[in-house]
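Below is one structure, written out as structure tokens; comments come after it.
The values are calculated or read from the model by the stated rules, or taken from the named source; none is laboratory data. If you're wondering where the values come from, they're calculated on a predicted model, not measured in any experiment. Here the Cβ is made from the backbone with ideal geometry for all residues, glycine too, and neighbour counts use every protein chain on show.
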Amino acid sequence: MFETFSGSDPLTATSVTAAARALSASLQSPSGLDDAGRIDAIRALEQLVCVATAAQAALTAEFDDSQRAAQDAVGVPLAQQGRGVAAQVALARRESHHRGQRHVGLAKVVVSELPSTWEAWRAGRITEWRATLVARETACLTREDRLAVDAQVCGDLDKVVAMGDRELVVACQQTAYRLDPEFFVTRRRRAESDRTITLRPAPDAMVWLTALLPARDGMAAHAALSRAADSARAMGDPRSRGQVMADALVTSVVDAAVRVPDAQATGETSSDAVAPAAGVGVSLGLVMTDAALLGSSDEPAHMEGYGPVPAELARELVARACDRDERIWLRRLYTHPTSGELVAMESRARLFRGSLARFIHLRDQICRTPWCDAPIRHTDHLRGASSGGDTDAVNGQGLCEACNYAKQAAGWRARPSRAGGRHAVETATPTGHTYRSVPPALVMIRETRARIDLVLAG
């Protein structure tokens with residue numbers, strides 16, 4: 001491998017690809033090493049991985065500078081310069097736009113403002129994650145103080161290599177506090193503004209509901225749930241402590257939503273309404289075959305915002321909604337006979353745009369940008385309406401907010417196409433690279449082609 005790609009070779013896609021192929025070819029047969037040699041090779045490969053990510057960072061910083069200069073040359077306002085850079089980096093690394101933003105930010109900071117960290121990274125002595133930790137822990141410092149922390153913590157390569165992740169974080173924090181105690185006050189206030197709730201799918205039709213809260217609020221909430229669990233267990237509740245805490249959390253949140261009146265829901269008659277019934281602030285979208293709904297098939301259903309769920313669970317949710325006299329909307333959807341992709345829907349909505357937007361959200365499920373996986377926030381025209389693009393399902397795509405803004409930068413183009421009879425989107429970036437995406441199958445296809453979309457309010 002090292003004969004294929006030496007330090008004198010230019011860093012190009014061709015030379016890197018040749019080196020990767022040489023390494024890949026060496027894996028086709030046993031190494032022939034003894035155990036000590038295997039450990040040495042693993043360590044050397046880890047160093048290679050670190051150097052490779054540093055090379056990506058260096059190229060990312062160069063790319064950002066070049067793109068900003070090109071945008072400035074054509075008169076792009078300063079506030080908009082750099083738009084689309086993170087999206088292109090994300091596509092090249094087969095990652096989400098959010099991760100692309102992190103990669104760009106890290107590259108710019110480490111290369112230009114953390115010279116000791118950069119030296120350790122490009123020498124393969126620290127990983128990309130440890131460089132991220134140093135950048136994160138010095139984010140609110142002035143440039144001078146950041147340089148000082150960088151020199152004191154990462155100036156000794158042997159010392160920083162011996163540190164664990166937490167030890168590195170503590171060292172940065174202690175040094176930063178000595179230089180600027182006010183830094184921690186500013187950081188705490190900024191951190192409180194980042195409080196949020198996130199939802200991620202988990203195995204077996206479960207989800208991780210995560211709250212990022214100020215310490216005082218998080219501790220208070222946990223203490224309240226713990227007291228509820230202790231009280232229930234003392235009274236003989238057979239559930240585990242964790243189960244009681246989880247159930248108490250759900251009950252308190254849902255009950256609070258039910259108590260919030262929804263005056264606008266009064267008199268609602270549209271069959272396409274997605275707002276919950278009066279007094280209820282929660283809705284749940286299910287897409288399932290008619291056979292699965294009626295119990296003659298076990299084809300998995302699709303839960304909007306989550307993904308596939310067992311048919312048994314979907315029927316249980318429908319039955320529970322009926323038992324509680326909750327409002328249920330039914331809408332017939334039609335899928336491609338082989339791919340499972342949504343192709344049409346029946347709608348009696350008064351507003352065509354609202355119905356069409358919901359169809360696109362159900363069809364695309366997540367942001368259509370490859371590898372993004374973010375929730376859909378915008379329904380976007382592939383070919384802009386100002387350029388004659390139609391407002392229909394073929395010319396529409398669901399995007400997250402970041403990806404939609406990124407494609408508005410100069411040089412981005414998107415158009416609809418077909419891939420094996422399925423709806424496809426072809427996106428071209430300013431560098432001439434083209435990426436294609438197709439929507440995932442909504443439900444598994446067996447015999448029936450009709451689908452039923454249920455919105456359960458509860």
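At a glance:
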read-out	value
Residue that is surrounded by 15 or more Cβ atoms within 10 Å (Cβ to Cβ), free of Cβ contacts under 8 Å to residues at least 40 places away in the same chain and under 26 Å from P370 (Cβ atoms), where the choices are R99, R130	R99
Filter pass, R38 being within 23 Å of the chain's Cα centre (by Cα) and not hydrophobic (A, V, I, L, M, F, W, C)	no
Positions within segment 212-242 being surrounded by 13 or more Cβ atoms within 10 Å (Cβ to Cβ) and either hydroxyl-bearing (S, T, Y) or outside any helix (DSSP H, G or I) (or both), in sequence order	L213, P214, S226, D237, R239
Residue selected from segment 405-431 under the condition assigned to a loop (DSSP other than H, G, I, E, B) and more than 21 Å from H98 (Cα to Cα), by the criterion modelled with the lowest pLDDT	G420
Residue selected from segment 338-384 under the condition assigned to a loop (DSSP other than H, G, I, E, B) and in contact with a helix residue (DSSP H, G or I) (Cβ under 6 Å, 6 or more places away or on another chain), by the criterion modelled with the lowest pLDDT	A349
Meets criteria (assigned to a helix (DSSP H, G or I), more than 19 Å from A414 (Cβ to Cβ) and among the charged types (D, E, K, R)) for R130	yes
Residue among A135, A139 that is outside any helix (DSSP H, G or I), under 28 Å from the mean Cα position of the chain (by Cα) and either closer than 30 Å to R68 by Cβ or modelled with pLDDT under 95 (or both)	A139
Residues of segment 75-94 satisfying the condition of being touching a His at 6+ places or on another chain (Cβ under 8 Å) and either of a type in the set (A, V, I, L, M, F, W, C) or crowded, with 17+ Cβ neighbours inside 10 Å (or both)	A86, A87, Q88, V89, A90, L91, A92
Close pairs from segment 47-64: first in a helix (DSSP H, G or I) and at pLDDT 95 or above, partner among the hydroxyl-bearing types (S, T, Y) and surrounded by fewer than 21 Cβ atoms within 10 Å (Cβ to Cβ), Cβ under 6 Å, at least 6 apart	C50/T127
Selection within segment 142-163 - assigned to a loop (DSSP other than H, G, I, E, B) and of a type outside the set (D, E)	T142, G155, M163
Index of the failed condition, A246 passing every other in (1) over 29 Å from the mean Cα position of the chain (by Cα); (2) not assigned by TED's automatic domain parsing to the domain that holds R125	(1)
Where A171 falls short, out of the listed (1) surrounded by 11 or more Cβ atoms within 10 Å (Cβ to Cβ); (2) not assigned by TED's automatic domain parsing to the domain that holds R136	(2)
Filtered residue count, segment 172-204, keeping only those that are under 27 Å from V160 (Cβ atoms) and among the hydrophobic types (A, V, I, L, M, F, W, C)	6
Which listed residue, of V76, V104, V110, is assigned to a loop (DSSP other than H, G, I, E, B), closer than 30 Å to G411 by Cα and touching a helix residue (DSSP H, G or I) at 6+ places or on another chain (Cβ under 9 Å)	V76
Residue that is surrounded by the most Cβ atoms within 10 Å (Cβ to Cβ) [pool: residues in segment 385-404 that are in a loop (DSSP other than H, G, I, E, B) and more than 16 Å from the chain's Cα centre (by Cα)]	N395
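Residues are listed down the side, and each one gets a yes or a no for (1) charged (D, E, K, R); (2) at pLDDT below 95; (3) under 15 Å from T53 (Cα atoms):
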{"residue": "G75", "(1), (2), (3)": "no, yes, no"}
{"residue": "L78", "(1), (2), (3)": "no, yes, no"}
{"residue": "G82", "(1), (2), (3)": "no, yes, no"}
{"residue": "H98", "(1), (2), (3)": "no, yes, no"}
{"residue": "K108", "(1), (2), (3)": "yes, no, yes"}
{"residue": "L114", "(1), (2), (3)": "no, no, no"}
{"residue": "T117", "(1), (2), (3)": "no, no, yes"}
{"residue": "A120", "(1), (2), (3)": "no, no, yes"}
{"residue": "W129", "(1), (2), (3)": "no, no, yes"}
